[in-house]
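S.K.: Dropping the structure in here first, questions after.
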Amino acid sequence: MTPYGQVLKNVTLPRIWQTLHANAHVLRRKDAAVLFNSNNRWKKRGVAVTPVKYGITNSGLKYGAQVSICSGDGSVLVTHGGCEVGQGIDTKAAQMAAYVFGIPIKKIKVQATSTGLIPNSDATGGSSTSESVARSVQAACQTLKKRLDGVKMESKENASLSWEELVAKAHEGGVQLFAGEQPHVVAPPNQVFDYFVYAAACSEVEVDILTGEINLVRTDIMYDCGKSFNPAVDIGQIEGAFVMAVGLFFQEEVVYDAKGRLVTSGTWEYKVPAHKDIPETFNVTLLDKAENPGGIMSSKAVGEPPFQLANSVYFAIKDAVKHSRLERGITDFFNMDLPATVARRHVAANVRPTDLAL
C-alpha cells in the first residue's frame, strides 16, 4: 500500500529485480569492478542497480478520435487529439484501428492533428496520451465495427465478403462510415493512479578520478510494459528517455553570470548527449507475461518512467568515486549534486596534492 492509501496490485518489481540481477550478472560484475579498482589507482569502476515505481493516470483525460472509412477502397482515415512528437502515437493509433477492424495496417492512414477536426483535447504529455488516444480510436472503431457487423449479418454472402466489399455494401445501404468518440473514464474513489510502472536498471561506469570524466560501460534495463502495443516503439522510448536523463543528470547545466546573462547559450557550453554518452553495451528487455488490468488492452506507459532509471548511473559514479576515496583514506560522507558535471565529479573525488606524491 502507498503512503496515501492506494493498494498496490500486480506488483512485478520483485520479479524484475531478480531477473535483472540474473540476466545482467550483477554480482559477478561487482566483483570484477572491485578487482579492476584494486589494479587501477586513477581509473575506478562502479556498479549500481536502482528500481522505479511510477504512477500513471489515464482517468479523467480527454482525447477525442474520429475514424472514417472510404467506400471506394476500404481505406481508413484516423484523426485524434494527440500530437505526434516522435513517441509513436500515430503508429499505435493505426495499430489499434487495424486490430479492431482485422485489416492490414497499410489500409490505415493517420491524419495530422488539428483542433479544427478534434477540438478540446488535453495537452500531449504525462506519458498518458498514447494510451488515451488508443482508447479513443478503439472506441470509434468499435462503433463502426458494430455497424459493419450488422450489414454482414443481413447479407446472404456474409462469410465470403472481403473488407472492401463489406464497406461498399454498407455505403450502398446508407450506413454512416465515420464515427467520433471521446471516452471519459472516472477513477474509483481513493485511487490516485490507474496503475504503476515497475522497472529496474543496472549501470556500470568507469570514472577518471583525476579529471572527473566518465565512460558509461554498460546499462541493462528490465521494464514492465504490460502487453506492449509495439515493442520496437516502446524500447526506443525507453532508450531515448534514459539517454535524455543521462544528459540532464550529468552534462546539461544552465549557468548565468553575475549580471544574469545566460552563459551556456549553445552546445559548446551546454552539452546535450552525443553518441559517446550512450552506454557501450545497452540492453533493454520488456518483462514477459505481464498483465495490466488498469491499462488500455493491458499495456503500460513509456516516456517519463524510464527517465528515472538514469539514477543508476549516478549511484554507479558515486560507487566508483567512493572506492577511490576509501583507497586514499577519505571515509567521510560526500555530496555530488545534480547535474553531476565533470567539475562536480572532480570535486567529489577530492584529489589532494599529497595524493599525487610519488
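The values are calculated or read from the model by the stated rules, or taken from the named source; none is laboratory data. Please read these numbers as outputs of a predicted model, since none were measured by experiment. Reconstructed Cβ throughout: ideal geometry from the backbone, glycine too, with neighbour counts over all protein chains shown.
S.K.: Looking at region 119-133, which of the residues that are in a loop (DSSP other than H, G, I, E, B) and more than 15 Å from the chain's Cα centre (by Cα) is farthest from F307 (Cα to Cα)?
M.R.: P119
S.K.: Follow-up question, since we're still on this one. What is the one condition in (1) in a helix (DSSP H, G or I); (2) over 28 Å from E239 (Cα atoms) that Y99 does not satisfy?
M.R.: Failed condition: (2).
S.K.: If I go through region 53-62 residue by residue, how many of them are crowded, with 23+ Cβ neighbours inside 10 Å and at pLDDT 95 or above?
M.R.: Matching residues across region 53-62 total 0.
S.K.: Quick one: L77 ticks every box in (1) assigned to a strand (DSSP E or B); (2) in contact (Cβ under 8 Å) with a residue 60 or more places away in the chain; (3) over 25 Å from V302 (Cα atoms) bar one, so which box is it?
M.R.: (2)
S.K.: Right, here's the next one. Please verify whether region 18-30 includes one or more residues that are among the hydroxyl-bearing types (S, T, Y) and within 19 Å of the chain's Cα centre (by Cα).
M.R.: No.
S.K.: Name the residue, out of V342, V302, that is buried (at least 21 other Cβ atoms within 10 Å of the Cβ), touching a residue at least 60 places away in the same chain (Cβ under 8 Å) and either aliphatic (A, V, I, L, M) or over 23 Å from P231 (Cα atoms) (or both).
M.R.: Result: V302 is the single residue among V342, V302 that is buried (at least 21 other Cβ atoms within 10 Å of the Cβ), touching a residue at least 60 places away in the same chain (Cβ under 8 Å) and either aliphatic (A, V, I, L, M) or over 23 Å from P231 (Cα atoms) (or both).
S.K.: From the list T50, T113, exactly one residue is surrounded by fewer than 21 Cβ atoms within 10 Å (Cβ to Cβ) and either without any contact (Cβ under 8 Å) to a residue 40 or more places away in the chain or of a type in the set (A, V, I, L, M) (or both). Which is it?
M.R.: T113
S.K.: Select from region 152-189 the residues that are modelled with pLDDT of 90 or more, surrounded by 10 or more Cβ atoms within 10 Å (Cβ to Cβ) and assigned to a loop (DSSP other than H, G, I, E, B) and list them in ascending order.
M.R.: Hits for region 152-189 are S162, G173, V175, Q176, L177, Q182, P183.
S.K.: Can I ask one more? Show me the helices (runs of 4 or more DSSP H) found entirely inside region 273-358 where at least 3 residues are of a type in the set (K, R).
M.R.: Because the criterion is at least 3 residues that are of a type in the set (K, R), the helices (runs of 4 or more DSSP H) in region 273-358 that meet it are 311-327.
S.K.: Right, next: So Q237 fits all but one of (1) touching a Pro at 6+ places or on another chain (Cβ under 8 Å); (2) part of a loop (DSSP other than H, G, I, E, B); what number is the exception?
M.R.: With respect to (1) touching a Pro at 6+ places or on another chain (Cβ under 8 Å); (2) part of a loop (DSSP other than H, G, I, E, B), Q237 is out only on (2).
S.K.: Does V205 count as under 30 Å from V246 (Cβ atoms), touching a Pro at 6+ places or on another chain (Cβ under 8 Å) and not assigned by TED's automatic domain parsing to the domain that holds A134? So that I can check it myself, show each step before the final result.
M.R.: Numbers: under 30 Å from V246 (Cβ atoms): yes; touching a Pro at 6+ places or on another chain (Cβ under 8 Å): no; not assigned by TED's automatic domain parsing to the domain that holds A134: yes.
Against the criterion (under 30 Å from V246 (Cβ atoms), touching a Pro at 6+ places or on another chain (Cβ under 8 Å) and not assigned by TED's automatic domain parsing to the domain that holds A134), V205 does not qualify.
S.K.: In region 77-104, how many residues are loosely packed, with under 14 Cβ neighbours inside 10 Å and modelled with pLDDT of 95 or more?
M.R.: Residues meeting the conditions: 2.
S.K.: Hey, M297 hits all of (1) more than 22 Å from A340 (Cα to Cα); (2) in contact with a Leu (Cβ under 9 Å, 6 or more places away or on another chain) but one; which does it fall short on?
M.R.: Answer for M297: the failing condition is (2).
S.K.: Could you count how many residues in region 196-230 are touching a Gly at 6+ places or on another chain (Cβ under 9 Å) and on the phi < 0 side of the Ramachandran plot?
M.R.: Number of matching residues: 10.
S.K.: What number of residues in region 167-215 are free of Cβ contacts under 8 Å to residues at least 60 places away in the same chain and of a type in the set (A, V, I, L, M)?
M.R.: So the answer is 1.
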